[in-house]
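Trainee: The following block contains the structure, expressed as structure tokens.
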């Protein structure tokens with residue numbers, strides 16, 4: 001059975017707390033010293049703690065990443081993921097809907113799947129469809145983004161049918 005993580009970035013792989021710990025300009029300066037400009041902005045916006053928590057989910061479930069974030073059309077995002085240490089490549093992205101309702105975009109992507117699957121949605125916004133709520137882990141933008149507790153909840157959801 002395929003397993004999918006619908007991944008938002010802002011509020012999941014970063015947070016207000018992350019930006020308060022060190023100013024973004026300082027993080028960007030550190031990143032630009034090591035990476036090309038087109039990667040540095042993305043790299044400097046991603047919290048290593050949240051990446052570790054995402055990697056725990058990936059290790060425990062073997063899930064594939066489907067980016068549902070507004071970042072999904074960034075051509076450098078696969079390289080950013082690799083640079084920050086995310087253990088799985090981007091498998092797919094959700095389509096953009098006229099409504100811009102994330103739950104509808106995820107549903108449109110899932111409607112095209114022909115094989116059995118399980119999924120989890122990691123997002124700090126709550127614009128999911130009612131039918132998606134059992135698969136939704138809402139992260140906290142003000143705190144750490146994707147926390148260890150969130151990761152454990154996501155693992156439980158994804159491995160439920162194993």
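Trainee: Pairs under 7 Å by beta carbon, first residue over 11 Å from residue 94 (Cα atoms) in region 106-119, partner in a loop (DSSP other than H, G, I, E, B), six or more apart or different chains?
Mentor: 116/1; 117/1; 118/1; 118/160; 118/161
Trainee: For residue 101, work out the one condition from (1) buried (at least 16 other Cβ atoms within 10 Å of the Cβ); (2) more than 14 Å from the chain's Cα centre (by Cα) it doesn't fulfil.
Mentor: (1)
Trainee: Oh, and also: Output the number of the condition that residue 47 fails; it satisfies all remaining conditions of (1) in contact (Cβ under 8 Å) with a residue 24 or more places away in the chain; (2) under 29 Å from residue 162 (Cα atoms); (3) in contact with a strand residue (DSSP E or B) (Cβ under 9 Å, 6 or more places away or on another chain).
Mentor: All conditions pass for residue 47, except number (2).
Trainee: Just to be sure I understand, how many residues within region 89-98 are within 26 Å of residue 60 (Cβ to Cβ) and surrounded by fewer than 18 Cβ atoms within 10 Å (Cβ to Cβ)?
Mentor: Qualifying residue count, region 89-98: 4.
Trainee: Only residues that are assigned to a loop (DSSP other than H, G, I, E, B) and crowded, with 22+ Cβ neighbours inside 10 Å: list them for region 107-125, please.
Mentor: none
Trainee: Can you give me the number of residues within region 50-75 that are touching a strand residue (DSSP E or B) at 6+ places or on another chain (Cβ under 6 Å) and surrounded by 19 or more Cβ atoms within 10 Å (Cβ to Cβ)?
Mentor: The number of residues fulfilling the criteria is 8.
Trainee: Additional query: Can you name the residue in region 126-152 that is in a strand (DSSP E or B) and in contact (Cβ under 8 Å) with a residue 60 or more places away in the chain and is also farthest from residue 61 (Cα to Cα) among such residues?
Mentor: 140
Trainee: Answer yes or no as to whether residue 155 is within 30 Å of residue 36 (Cβ to Cβ), in contact (Cβ under 8 Å) with a residue 24 or more places away in the chain and not in a strand (DSSP E or B). I'd like the intermediate steps shown before the answer.
Mentor: Details: within 30 Å of residue 36 (Cβ to Cβ): no; in contact (Cβ under 8 Å) with a residue 24 or more places away in the chain: yes; not in a strand (DSSP E or B): yes.
Judged against the criteria, residue 155 is not a match.
Trainee: Return the residues of region 59-78 that are in a helix (DSSP H, G or I), touching a helix residue (DSSP H, G or I) at 6+ places or on another chain (Cβ under 7 Å) and either farther than 16 Å from residue 121 by Cβ or without any contact (Cβ under 8 Å) to a residue 40 or more places away in the chain (or both); say none if nothing qualifies. First the steps, then the outcome.
Mentor: Taking region 59-78 as the starting set, the residues that turn out to be in a helix (DSSP H, G or I) are 59-61, 70-73, 77-78.
If we keep only those that are touching a helix residue (DSSP H, G or I) at 6+ places or on another chain (Cβ under 7 Å) as well, we get 60-61, 71, 77.
Hits for region 59-78 are 60, 77.
Trainee: Quickly run through region 79-106 and pick out the residues that are part of a loop (DSSP other than H, G, I, E, B), at pLDDT 95 or above and either within 18 Å of residue 129 (Cα to Cα) or touching a strand residue (DSSP E or B) at 6+ places or on another chain (Cβ under 6 Å) (or both).
Mentor: 88, 94, 95
Trainee: Could you tell me which residue of region 126-142 is surrounded by the fewest Cβ atoms within 10 Å (Cβ to Cβ), considering only residues that are within 20 Å of residue 99 (Cβ to Cβ) and within 16 Å of the chain's Cα centre (by Cα)?
Mentor: Here the answer is 126.
Trainee: Evaluate the following for residue 145: is it surrounded by fewer than 18 Cβ atoms within 10 Å (Cβ to Cβ), within 23 Å of residue 21 (Cα to Cα) and touching a helix residue (DSSP H, G or I) at 6+ places or on another chain (Cβ under 8 Å)? Break it down stepwise before answering.
Mentor: Numbers: surrounded by fewer than 18 Cβ atoms within 10 Å (Cβ to Cβ): no; within 23 Å of residue 21 (Cα to Cα): yes; touching a helix residue (DSSP H, G or I) at 6+ places or on another chain (Cβ under 8 Å): yes.
Considered against the rule, which asks whether it is surrounded by fewer than 18 Cβ atoms within 10 Å (Cβ to Cβ), within 23 Å of residue 21 (Cα to Cα) and touching a helix residue (DSSP H, G or I) at 6+ places or on another chain (Cβ under 8 Å), residue 145 comes out as no.
Trainee: Does residue 160 satisfy the condition of being in contact with a strand residue (DSSP E or B) (Cβ under 9 Å, 6 or more places away or on another chain) and modelled with pLDDT under 95?
Mentor: Yes.
The values are calculated or read from the model by the stated rules, or taken from the named source; none is laboratory data. Remember, predicted model here, so these are calculated numbers, not experimental data. Because the Cβ atoms are built from the backbone with ideal geometry, glycine has one as well, and the counts that use them run over all protein chains shown.
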